[in-house]
Amino acid sequence: MLTQALTPRQIVAELDKYIVGQKQAKKSVAVALRNRYRRSLLPEHTQDDIVPKNILMIGPTGVGKTEIARRLAKLVGAPFVKVEATKFTEVGYVGRDVESMIRDLIETSMRMVKQERTEKVKDKAEEAANERIVHILAPSQSKSKNQRNPFEMIFGNNGNNSPEQEEPEPDTNVAERRRKIKFDLLSGKLEEDIIEIDVEDTAPNMMDMFAGQGNDQMGMNMQEMFGSLLPRRTKKRKLPIKEARKVLTQEEAGKLIDMDDVTQESIRRAEQTGIIFIDEIDKVASQGRGSGPDVSREGVQRDILPIVEGSTVMTKYGPVKTDYILFMAAGAFHVAKPSDLIPELQGRFPIRVELNSLSLEEFVSILTEPQNALTKQYVDLLRTENIEIEFSDEAIREIAKLAESVNQNTENIGARRLHTILEKLLEDLSYEAPELTLERMVITPEYVREKLNDIALDRDLSQYIL
Ligand SMILES: Nc1ncnc2c1ncn2[C@@H]1O[C@H](COP(=O)(O)OP(=O)(O)OP(=O)(O)O)[C@@H](O)[C@H]1O
């Protein structure tokens, strides 16, 4: 993929568009990604000797760890999943469940590839869908007049094809009618007309009901395994033509896409470019040779280890090798230290980066600079109600200060605090917007104080509201 050829500097520049600060972390992930590209240029036998160097991100909550990983994946079109390591310590989880992260990755990969392929055949599929609509609106006379024997349709009629048994050509009237309908259809005249179509029935069937839970854990599914042997069930639905076209286009696209190819490409992409983000890894680090919870925490690390070291996981799409998947683990490490992880796992995450707590200045930048900055989002949303809001620079500073002080006085949740504060700040305006007649509104520091001071200064209140 072309974007993989981005230089580390270009990758950092791309990340800068969305994430404020955290220079070191951006650099490290950029290098890890570039190394992957470098590896792909090497001869195959050398490639196999080079394993990706996984990254351990250390930093408090809400400072951009997940955001960096997610943006990186998006940048290069890599399948991405995030899991919480603590999930595997929950009651009911057993060792093999850690493999679900690979199954989730392959599902993500399948979805991406399927979507891309669907996009490619979209025009053709829509054409076929239109053709089907025309045939439904103007069925051929032969079928409607003398329905063929269904057995004959399935088994043929042993070559006894006498001329009168052959399906007559649709007569010129039908052809003419179809031509006219097609013209109306394509010029958009029929969009609201109701039409009845046969759609595939996706409701669970008896096979699935008998299959129970066990198969699900293997990532298997009876319908998928035997689906092709069973007759496809359809049901009739009445829809406006514009909706029916969407359904039929999906179906037609499905016929045009080579699913074996999609599966192979998805596996390749997950294996070679996949990124798995394992959050809260510090929560499964154990201190001292404990018993009870410590044992289970160490157990989770031991379960994760083979996946990170490189192994093969069975999925319903086939075996998936984990050797070249890029793993990023993250944690606050307030109590446990990276050295409390089992040594083998420490060795698999040789790149360590620290992410800093965000400063007041950084809060100001987060509010205004990223392409999807929070204040821009609210401006866009309220514009749909014909209200142009504008945040004065001082108001932004006031919001940032409030966020910082609430973080200090309650729990420090980093930039996430900006989300809750802004939501509260604009709550009344968002509620009243449809009835307001103003066209422009400037959010001033006074407005911020008026809306938020009472809550922000009251520790108990802000714990619940902000
Ligand atoms: N440096 C940053 N620049 C821009 N936005 C940020 C930054 N840090 C955090 N955010 C915003 O805060 C939200 C939470 O950040 P993120 O999910 O990256 O937290 P995290 O560090 O991974 O914490 P956790 O480990 O608790 O998930 C994101 O949705 C993002 O919008």
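The values are calculated or read from the model by the stated rules, or taken from the named source; none is laboratory data. This structure is a prediction, so every number in the text was calculated from the model and none was measured. Cβ sites come from the backbone with ideal geometry, for glycine too, and all protein chains shown count toward neighbours.
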- Counting residues that are over 30 Å from LEU429 (Cα atoms), which helices (runs of 4 or more DSSP H) fully inside region 309-417 reach at least 3? 343-348
- Can you confirm whether region 35-49 contains a residue that is touching an Asp or Glu at 6+ places or on another chain (Cβ under 9 Å) and within 18 Å of GLY310 (Cα to Cα)? yes
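One line per residue, one yes/no per condition, for (1) farther than 19 Å from ALA329 by Cβ; (2) within 14 Å of the ligand (Cβ to nearest atom); (3) surrounded by fewer than 18 Cβ atoms within 10 Å (Cβ to Cβ):
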residue	(1), (2), (3)
GLN10	yes, no, yes
ALA13	yes, no, yes
ALA32	no, no, no
ARG39	yes, no, yes
THR46	yes, no, yes
VAL51	no, no, yes
MET57	no, yes, no
- Give me the pairs, please: first residue somewhere in region 320-333 and in contact (Cβ under 8 Å) with a residue 60 or more places away in the chain, second residue anywhere and among the small types (Gly, Ala, Ser) and part of a loop (DSSP other than H, G, I, E, B), beta-carbon distance under 6 Å, and either six or more positions apart or on two chains. THR322/GLY310; THR322/SER311; ASP323/GLY310; ILE325/GLY274
- Query: Residues in region 40-55: is at least one at pLDDT 90 or above and small (Gly, Ala, Ser)?
  - Reply: no
- Message: When the residues of region 174-203 are narrowed to those that are touching a Ser or Thr at 6+ places or on another chain (Cβ under 8 Å) and among the hydrophobic types (A, V, I, L, M, F, W, C), which ends up surrounded by the fewest Cβ atoms within 10 Å (Cβ to Cβ)?
- Response: VAL199
- Message: Just the residues that are outside any strand (DSSP E or B) and surrounded by fewer than 17 Cβ atoms within 10 Å (Cβ to Cβ), please, taken from region 425-444.
- Response: GLU427, ASP428, SER430, TYR431, GLU432, PRO434, GLU435, LEU436, THR437, LEU438, GLU439, THR444
- Message: Return the residues of region 276-298 that are at pLDDT 85 or above and either more than 14 Å from LEU56 (Cα to Cα) or part of a helix (DSSP H, G or I) (or both); say none if nothing qualifies.
- Response: ILE281, ASP282, LYS283, VAL284
- Query: For GLU423, which of the numbered conditions (1) out of contact with any helix residue (DSSP H, G or I) (no Cβ under 7 Å at 6 or more places or on another chain); (2) within 16 Å of the ligand (Cβ to nearest atom); (3) within 22 Å of GLN22 (Cβ to Cβ); (4) not aliphatic (A, V, I, L, M) fails to hold?
  - Reply: (3)
- Which residues, taken from region 313-366, are within 15 Å of the ligand (Cβ to nearest atom), of a type outside the set (A, V, I, L, M) and surrounded by fewer than 16 Cβ atoms within 10 Å (Cβ to Cβ)? HIS334, GLU354, ASN356, SER357, SER359, GLU361
- Note on the structure: Counting only residues that are farther than 11 Å from LEU56 by Cα and without any contact (Cβ under 8 Å) to a residue 60 or more places away in the chain, region 334-358 contains a total of 8
- Task: Please go through region 61-114 and pick out each residue that is within 16 Å of the ligand (Cβ to nearest atom) and free of Cβ contacts under 8 Å to residues at least 24 places away in the same chain.
- Result: LYS74, LYS87
